[in-house]
Amino acid sequence: MVRLPPAMTERRDDAMLVAAARRGDAGAHRALYDRFRPAVWRVARGFADFDADDVDDVVQESFVRAFRGLAKLKEPERVGPWLLTIARNRALTRLARRRAGGELAEELAREAEVAATEEQGGPDPEAGAELELVRRLISELPEGPEKETVHLFYVEGALSAREIADRLGVGKSAITMRLERFRAKVKRRVLAEVARLRGEGS
């Protein structure tokens with residue numbers, strides 16, 4: 001009997017697990033998770049900006065996305081490298097959203113500050129209008145956890161997402177989700193309104 005090299009045996013086993021998972025075998029899903037979770041965790045852990053909650057979220061998101069997309073996997077024996085690629089993409093997406101979202105209010109405030117110190121050194125009424133717009137959009141949110149979270153993060157501005165989570169008694173991932181949902185709702189509106197205000201003032 002011909003003995004396959006260990007690497008070939010592993011790839012064959014991976015392909016068999018993928019085939020079983022595609023058929024809805026919960027045990028195969030679990031086996032894939034157990035086999036590749038350590039490697040996916042190491043990919044997420046390699047991002048210095050992530051804490052333990054971020055790493056766990058990336059791991060979970062990666063497997064959820066992978067299991068939903070198993071039917072599209074053209075090379076089942078390469079499920080391992082495919083999973084790691086998904087994990088890197090999820091981590092990069094999370095990092096990009098955090099940086100873009102976390103900088104939104106800061107960028108608007110900075111624009112207003114620059115506009116308020118033109119060459120003549122006089123105050124710019126548009127700057128105050130921009131900041132007021134951000135506050136108004138927050139005030140228009142219905143009362144509830146999202147509005148409270150957004151107010152603490154953007155208006156008070158003294159607490160990190162982790163500190164807000166501790167104060168409200170929820171997981172950090174819940175706070176991140178609320179902030180991302182808020183940004184998705186208002187970012188385009190804010191930027192469009194800011195552009196309109198500057199256009200009218202020119």
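The values are calculated or read from the model by the stated rules, or taken from the named source; none is laboratory data. Quick caveat, the model's predicted, so the values are computed rather than measured. Please note: Cβ atoms are built from the backbone with ideal geometry, for glycine as well, and neighbour counts cover all protein chains shown.
Taken as a whole, the structure places Glu77 among residues that are in contact (Cβ under 8 Å) with a residue 12 or more places away in the chain and over 28 Å from Thr176 (Cα atoms).
Looking across region 36-52, the residues that are part of a helix (DSSP H, G or I), touching a residue at least 24 places away in the same chain (Cβ under 8 Å) and surrounded by fewer than 17 Cβ atoms within 10 Å (Cβ to Cβ) come down to Arg37, Ala39. Basic (Lys, Arg) and surrounded by fewer than 14 Cβ atoms within 10 Å (Cβ to Cβ): does that describe Arg23? Against the criterion (basic (Lys, Arg) and surrounded by fewer than 14 Cβ atoms within 10 Å (Cβ to Cβ)), Arg23 qualifies. Total residues in region 160-179 satisfying the condition of being at pLDDT below 80 and loosely packed, with under 15 Cβ neighbours inside 10 Å: the figure is 1. The set of residues from region 17-29 being hydrophobic (A, V, I, L, M, F, W, C) and either without any contact (Cβ under 8 Å) to a residue 60 or more places away in the chain or farther than 8 Å from Pro76 by Cα (or both) comprises Leu17, Ala19, Ala20, Ala21, Ala26, Ala28.
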